[in-house]
1. What net charge do the residues around Tyr132 carry, taking every other residue with its C-beta under 10 Å from that of Tyr132, with Lys and Arg at +1 and Asp and Glu at -1?
2. Report the Cα centroid-to-centroid distance between the range 282-351 and the range 2-33 in angstrom, as an integer.
3. Over the chain, what is the mean sequence separation of C-alpha contacts under 8 Å (at least six apart), divided by residue count, expressed as relative contact order in percent?
4. Grab the DSSP H runs of the chain that are 4 residues or longer, score each as -39,500 (n - 2.57), total them, divide by all residues and round the 222 nm result to the nearest 500 deg cm²/dmol.
5. How would you rank 4-13, 207-216, 296-305, highest first, on the average number of other Cβ atoms within 10 Å across their residues?
6. Filter the cross-link list Lys125/Lys324; Lys179/Lys235; Lys36/Lys324; Lys179/Lys338; Lys36/Lys78 down to pairs whose alpha-carbon distance in this structure exceeds 23 Å.
7. Students often check this: by mean Cβ neighbours within 10 Å, which of 119-131, 178-190 ranks highest, and how do the rest follow?
8. Determine the dipole magnitude for the range 1-42: charges of +1 sit on the beta-carbon of Lys and Arg, -1 on that of Asp and Glu, nothing else is charged, the reference point is the Cα centre, and the result goes in debye to the nearest 20.
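Values quoted throughout were computed directly from the atomic coordinates according to the rules given, and no laboratory measurement underlies them. The structure displayed is predicted, hence computed values, not measured ones. Positions of Cβ are generated from backbone atoms using ideal geometry, with glycine treated the same way; all protein chains shown enter the neighbour counts.
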Amino acid sequence: MSSVKAYAAPAAKAPLGPTTIERREPGPADVEIDIKFCGICHSDVHQVKDEWGGTAFPIVPGHEIAGVVKRIGADVKKFAVGDHVGIGCFVDSIRSQGGAPNDTYIEQYLPGCVFTYNSVEHDGKTATMGGYSESIVVNEEYVLRVPESIPLDRAAPLMCAGITLYSPLKHWGAGPGKKVAIVGLGGLGHMGVKIGHALGAEVTVLSQSLAKKDDGLRMGATAYHAMSDPSTFEKLKGTFDLIINTVSAKLDWGALLALLKPDATMVILGIPEENVSLGAAALVQGRRSLAGSMIGSIAETQEMLDFCGEHDITADVEVIPIQKVNEAYERLLKSDVKYRFAIDMASLKSE
Ligand code: NAP
Ligand code: ZN
């Protein structure tokens, strides 16, 4: 075991502050990663505030990890010291429990998925601690290769925000000839615009206001509308083949479903604290579907990283020292970030 510096929240709604945590010595199949940057996902905020219930404290959040391989176990084949790597939302899955090969592609949905933080390892007792820390030790099967062309600060948010958008865009067939709406231009949403555009779809952003319109168009959207303007919902009725809803708060899902063509789907990614109610007519009229999607498998996450490398897609980041993390959470709640905070983990050394 080795002690490493980290930032943790000791209780629900308490601010994050410096602490130390234990990391295991790398086993034969393990990779030890020197964490360079960690993105701040809105899911970190939901869990630190215990908005979904069941958070185990103290919590060290962070599942958008980008760093450099520091040490490898004797049997590690895929990685060498010095490689640029990432860790996303989970660090183990049914695969290490003898899962069937087909499970690989939906491992994030199956029992046995061990999340990077606020979860328990397969030993039944070790609490997982996330990326707001100096280093992490992970089995090589759950380590991702970051293309050399992507700087690590701009790569970190791909580990959650990138895959969370790539997976449903691919699954529901976003591509040439398809009209896709991305609802909410935040950390997830801005990756959706970039990836949807690179897949060849015609992308529209639906945001609270027009304040970020220029950015949305620069990222690849061809249209941008404010949901605060009621005429948006009149104008766009029956327009989209696919709507991807990334909003972290309660919204009128019925009004959004009306923007779909017949037989089309709205995919929910955002997980608001409060339940959302929906009239059946919103689905019945137009034989529309409402679906959800959660991150992606390791194989699909690697596919997304390679796709981003080929298409020159990176996250727009504001790099901050860890000492500003509580302020960053407050700003995130006001949608005041362009478009993802990435914590520079070098700042942890001075704690
Ligand atoms: P974020 O950066 O805060 O972006 C959320 C966006 O939603 C904001 O930028 C804002 O966009 C919009 N929004 C916020 N409050 C709103 C309100 N009251 N009404 C209307 N729009 C509002 O958050 P994120 O990191 O992208 O995460 C978004 C949600 O997805 C969170 O609930 C998070 O937990 C969840 N999530 C899910 C997965 C998954 O696998 N399904 C993975 C990661 C995160 P505009 O300013 O453009 O309106
Ligand atoms: Zn996330």
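1. Value of the local net charge: -1.
2. Taking the Cα centre of the range 2-33 as reference, the centre of the range 282-351 is 21 Å away.
3. 18
4. About -6000 deg cm²/dmol.
5. Values: 4-13: 18.8, 207-216: 16.7, 296-305: 21.2.
Ranking the peptides 4-13, 207-216, 296-305 by packing returns 296-305, 4-13, 207-216.
6. On the way: Lys125/Lys324 31 Å; Lys179/Lys235 15 Å; Lys36/Lys324 16 Å; Lys179/Lys338 25 Å; Lys36/Lys78 20 Å.
The pairs that break the limit, which is 23 Å between Cα atoms, are Lys125/Lys324; Lys179/Lys338.
7. Ranked by mean Cβ neighbours within 10 Å, highest first: 178-190, 119-131.
8. Values: 5 positive and 5 negative charges, 54 e Å.
Its charge dipole is roughly 260 debye.
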